[in-house]
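Since every read-out is calculated from the coordinates, none of them should be taken as a lab result. Source: prediction; values computed, not measured. When we count neighbours, we look across all protein chains shown, and the Cβ atoms used for this are built from the backbone with ideal geometry, even at glycine.
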Amino acid sequence: MTPELINAGTERMTAYRKKILAGPVADTAAGGTMSVGRAHKASELDLAHGRILYLEDVSVSFDGFKAINQLSLDIAPGELRCIIGPNGAGKTTMMDIITGKTRPDEGTVYFGSTINLLRYSEPEIAAMGIGRKFQKPTVFEKLTVFENLELALKTKKDWISSVRFKLDSAQRDRLADVLETIHLAQQVNRQAGELSHGQKQWLEIGMLLMQEPRVLLLDEPVAGMTDVETERTAELLLRLKGKHCLIVVEHDMSFIKAISDIVTVLCDGAVLAQGSLSQVSADERVIESYLGR
Ligand SMILES: Nc1ncnc2c1ncn2[C@@H]1O[C@H](COP(=O)(O)OP(=O)(O)O)[C@@H](O)[C@H]1O
Ligand SMILES: [Mg+2]
C-alpha cells in the first residue's frame, strides 16, 4: 500500500462525505416540495408495532408505464424477506423507492412506525441505517480488504476528522467481527482488486455492516457467484438475520430455498403472492408468470 493509494481512497471518501453533508435537500415527495430536516438516528426508530418497513399503496410511473402499482409491504424487524419475480416486475424500483433514489407518485413508505421516508434524501436514508447492496460490487479495488472496511466506518461528520480518522478499540473489534462474518479474515491485507467476484460481494456486504445498518437491501447478491460462494452467502445471510432486517431479491431458487422464511412474489409492480416458498411455488399465478411448469 503506497501513500498515494491511501490518499486517493481518503479523497474519494472525503468527497463522498462532503456530498452527503451538503445540507438540507428539497424534495418533491408525494407531489409537494418540502424541506428536509435532520436525519433520524437509528435509536429513534419506533418498532413498537412490530414493523421496520412499511409500504402502502405505492405507485410510480415512468413515461406513463406503471413500474410499481399500489404496492404494499410489511416487514418485521430482523426479518429476512425474499423478493422474487420476473424481470421488469419492479423489484429494483421497489428498492429505489425505499432508499430514496426514486420518489413514488403515490403511497406511503415508513421506517418503523414514525419515520416517513418520503421526507428524506437518499444519503439521509442511508445514514438512518438503511444500507443497500447494488448488483455490481463497488469496492475500492486498489485498497486492501482492511482499508475498505475502515473507510466504510461512520466517523465524525466533518471532513477534517475523517482525514485524521483512526479506529478506536470498539471499531477495531467490529472490524474483526465483520472480517470473520464475511469470510475474509485470511484476506485482510490483500488488495480488493485481487479478490474473486464472490469475495468482492462479501467485502461490500462487510462495508455495509461496518455502518451497523438496521435494514440491508440486497439486489441479486449471488448473481455470478460459484456454487460454493452461493452457499457461503446463504450461510452469511442466515447469520445476519435477526440482528439486521434483510430484504433479498434473487432469481437463484436454490439460494432462495436455503434462506427463505416469507417470500414475496412481485409481478407488474404489485404483490402477486406471499407466503412460504412451498406455498408460493404451488400458486398457479406464480407458476404462470414466473416459475413455469
Ligand atoms: N428510471 C427508469 N426510467 C424508466 N423506466 C424504468 C426506470 N426504472 C425502471 N424502469 C422500468 O420499470 C420496470 C421495472 O423495472 P425494475 O424495477 O428494474 O424490474 P426488476 O428489478 O424486477 O427486473 C421495467 O419495465 C423498467 O424498464
Ligand atoms: Mg432488478
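Using the Cβ-Cβ distance between GLN279 and SER113 with R0 set to 25 Å, the FRET efficiency works out to roughly 0.35. Each residue in ARG174, ARG214, ARG239 was given a count of other beta-carbon atoms within 10 angstrom of its own, and listing them fewest first yields ARG239, ARG174, ARG214. Between LEU47 and ALA170, full extension at 0.36 nm per residue minus the direct alpha carbon distance yields a gain of 41.7 nm. Under the combined filter of DSSP loop state and at most 14 neighbouring Cβ atoms within 10 Å, the range 52-153 retains these trypsin sites (Lys or Arg not before Pro): LYS101.
Annotation: amide H-H contacts under 5 Å for ALA273 (H modelled 1.01 Å from N, sequence separation of 5 or more, or interchain): VAL265. Working from label points 7 Å from Cα in the Cα-to-Cβ sense, the LYS101 to MET253 distance is 2.7 nm. In this structure, the amide hydrogen of LEU53, modeled 1.01 Å from its nitrogen in the peptide plane, lies closer than 5 angstrom to those of ILE75, GLY112, counting only residues at least 5 positions away or on a different chain. Ordered by the count of other Cβ atoms within 10 Å of each Cβ, fewest first, PHE62, PHE255, PHE140, PHE134 give PHE62, PHE134, PHE140, PHE255. Local charge for GLN70 was computed over the other residues whose Cβ lies under 13 Å away, with Lys and Arg +1 and Asp and Glu -1, and equals -4. Annotation: extensible slack from ARG190 through ASP63 equals 41.1 nm (criterion: 0.36 nm per residue apart, minus Cα-Cα distance). Spin-label pair LYS243-ALA223: with each label point 7 Å from Cα along the Cα-Cβ axis, the two points sit 2.7 nm from one another. For the range 123-134, the Karplus equation 6.51 cos²θ - 1.76 cosθ + 1.60, evaluated at θ = phi - 60°, returns couplings of x, 5, 5, 4, 5, 6, x, 10, x, 9, 10, 6 Hz by residue, with Gly and Pro reported as x.
A cut-off under 12 angstrom between Cβ atoms defines the neighbours of LEU47, and their net charge, with Lys, Arg +1 and Asp, Glu -1, is -1.
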